[in-house]
Amino acid sequence: MRLVDLRKRQQQEQNRLASNIVGQAGLPAESMPSIALALQGPPDAMFEVIRQTCEVYERPDKSERVFAIACETYMDYTMNAPRISQLPLLISLNVTIAVANNATLLGFDRALMCIEEAISPFNINGPFSADYNPPKSLEPTEVQKTVVHHPWLDIFPFPKFRDNVILAADAELLDDGELCEDISEINWENVEKPSLIVWGDSSVPNSWEASPWFLRKWGWLLQGCPELIETTNRWRQSRGEKLLKWENK
């Protein structure tokens, strides 16, 4: 194969990946949350999703910047012209949408996510009302109820991972702010970094994928939580990529 053909194929594959991320491809509509369904809806609905998502950013200037670029990215997608340069933003935006969506499913105010000194409602409110019914994957564990932590740590649909992060942060073995930054900060320079990708319904574990760099840096937090490795490898297999080998003890 000629080099020019190889580059053309790589560009097509990268554009397909960008398109899939924006479109939340791979899940039937009935299994997708309203915030994800809006990604496939009319522009007004998508712009409202982006606006709501930007509520999790504490600084207004950052919120406005992300909103403007995300709207431009969406319009490129509607014209079937996604750009590979937009891929880091799309990955980060999807994670931010996941944070906002899961916070809503938990009954949290999305604004809590960007308040540095916020405390999880699970530590404050005590028993919830009888009609409180979050997805099973997001139901609070005993650790979440008893160990004071930031509400941002409640949004992952992996109970054991949540416990590991909360306990490690409580023991000062990690800076949960650094973990948050790795996952949610936009990779403007498009360099290799620890990241998570969310492909569909953010409350469903199978929608999540971890980058190899995330596993290298934060994999120790996955002890007793093989689910994220398993779903990561399912996504990699679907793209014809090599499966990741990870010792999870």
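Derivation of every value follows stated rules applied to the coordinates shown; laboratory data play no part. It should be emphasised that the depicted structure is a prediction, and the values quoted were computed from it without experimental measurement. Positions of Cβ are generated from backbone atoms using ideal geometry, with glycine treated the same way; all protein chains shown enter the neighbour counts.
What nm value, rounded to one decimal, do you get for the distance between Glu247 and Ala68 when each label is placed 7 Å out toward the C-beta?
If labels sit at Glu247 and Ala68, their model points lie 4.9 nm apart.
Please report the net charge: other residues with Cβ closer than 14 Å to the Cβ of Ala168, K and R +1, D and E -1.
Net local charge, Ala168 excluded: -3.
Grab the Cα-Cα distance for Glu142 and Glu230, subtract it from 0.36 nm times how many residues apart they are, and report the gain in nm with one decimal.
29.2 nm
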